[in-house]
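Below is one structure, written out as structure tokens; the observations come after it.
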Amino acid sequence: MEAFIPIVFLALTGISLLAQTPVNLKLNLEKGKLYRIKSTSKQAIQQTANGQQFAVNASSNTVISYKVLRQENEMMDIEFKFDTIASKISSVMFNRETNSAKPAGSEPLEKIMNKMSTYKLVAKISTAGKFIDFVNYGKFKDSVLFVIDSIPATKRDQAKTQADGLLKESALKSMIEPLFAYLPEKAVKTGDTWETSYFLMANNMSMLSLNSYTLKGVENNRASIAGKAEIESMPSTDPAAQMQQELKGTMTSDGTLDITTGLISNNTTKGHIEGTLTMKNNGNEMKIPMSVDSQVETSLIK
């Protein structure tokens with residue numbers, strides 16, 4: 001029994017030391033290898049207009065593939081392709097479904113999205129997961145906009161407006177930046193917490209996400225990470241904007257990271273935001289209270 005106690009003590013000490021060993025959570029991607037990530041989301045939206053409450057259900061399915069073209073020291077040129085951009089919105093007032101896989105779609109939005117999924121966008125990303133800049137933004141945008149010429153003249157102005165919203169540099173950045181924004185800038189050990197931030201942009205609406213991540217543990221070359229984000233909308237800088245939002249809330253996440261590559265293999269995020277949406281029309285304003293409950297599932301496709 002006396003010999004057993006030191007053995008148990010040493011074993012427990014070894015486990016404790018293992019848990020406290022710092023790990024470098026960095027991107028370590030194989031040049032030329034194709035990686036694919038899938039994200040599905042569901043949103044339950046409650047809005048109140050003219051004293052009546054109505055629900056809107058929205059879902060989306062996005063698949064993005066990417067590969068490293070070149071790497072120099074801690075900087076990579078990564079080529080991204082939006083393989084699938086699909087969404088579905090349903091409510092008592094209207095229903096809409098779009099899918100970038102429909103090249104012959106009658107809607108200008110689908111034609112634009114299809115071209116977005118055809119061409120490749122290259123960005124500079126650090127091994128710490130930080131977005132630096134786009135390499136070929138101008139060429140990518142011009143290639144997608146070429147589809148405008150094939151849209152009937154009666155819908156061309158609408159198409160240009162939709163394209164401007166989708167192809168803004170800030171909007172494209174918000175599709176790329178969150179993919180790797182969970183990584184810390186230095187080595188961490190179990191229990192350590194680090195912070196990141198980024199903007200989410202869509203149709204002249206912007207939301208700031210302040211993120212905090214904690215390393216829960218490491219086992220079999222897998223890191224368990226918990227996250228919490230404070231989300232808040234930012235005022236529009238466009239004086240002609242017909243929509244303003246004042247929303248804020250929180251999101252929590254749990255995920256598993258492959259230490260070898262630095263990539264999230266699976267992650268679940270749940271969130272709740274609420275506030276007011278202000279609609280402007282011919283000098284009139286309508287304030288619409290709203291709340292959004294969401295769940296997002298993200299996984300690496302092997």
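Please treat every number below as a calculation from the coordinates, not as lab data. Just so we're clear, the structure is a prediction, and the values are computed from it rather than from any experiment. So basically every Cβ, Gly included, is an ideal-geometry build from the backbone, and we count neighbours across all protein chains shown.
A simple rule links phi to the HN-Hα coupling: the Karplus curve 6.51 cos²θ - 1.76 cosθ + 1.60 with θ = phi - 60°, which for region 181-187 gives 7, 9, 8, x, 7, 9, 4 Hz, with x for Gly and Pro. Amide H to amide H, with H built 1.01 Å from N, F80 comes under 5 Å of L121, V122, A123, counting only residues 5 or more places away or on other chains.
Other residues with beta-carbon under 14 Å from the beta-carbon of I301 carry, at +1 per Lys or Arg and -1 per Asp or Glu, a net charge of +3. Bridgeable aspartates and glutamates around K287 (alpha carbons under 20 Å apart, same-chain partners fewer than 8 residues away excluded): E232, D238, E246, E274.
Using θ = phi - 60° in the Karplus curve 6.51 cos²θ - 1.76 cosθ + 1.60, the 3J(HN,Hα) couplings for region 25-42 round to 9, 10, 6, 9, 9, 6, 4, x, 7, 8, 10, 9, 10, 10, 9, 10, 9, 10 Hz; x is entered for Gly and Pro.
Size of region 60-169 from its Cα atoms: along the principal axes, largest to smallest, the extents are 51, 31, 20 Å. Sorting 53-60, 277-284 by average packing, meaning the other beta carbons within 10 Å per residue, from highest down gives 53-60, 277-284.
Entry note, the chain: the mean residue ellipticity at 222 nm calculated from DSSP H runs of n ≥ 4, each adding -39500 (n - 2.57), is -6000 deg cm²/dmol after division by the residues and rounding to the nearest 500.
Its residue count N sets the reference 2.2 N^0.38 Å, and the alpha-carbon radius of gyration of region 32-301 equals 1.06 times that reference.
Look at the alpha carbon pairs under 8 Å that are at least 6 residues apart: their mean separation over the length of the chain gives a relative contact order of 17 percent. Each other residue within a Cβ distance under 12 Å of E72 adds +1 if Lys or Arg and -1 if Asp or Glu, for a net charge of +1.
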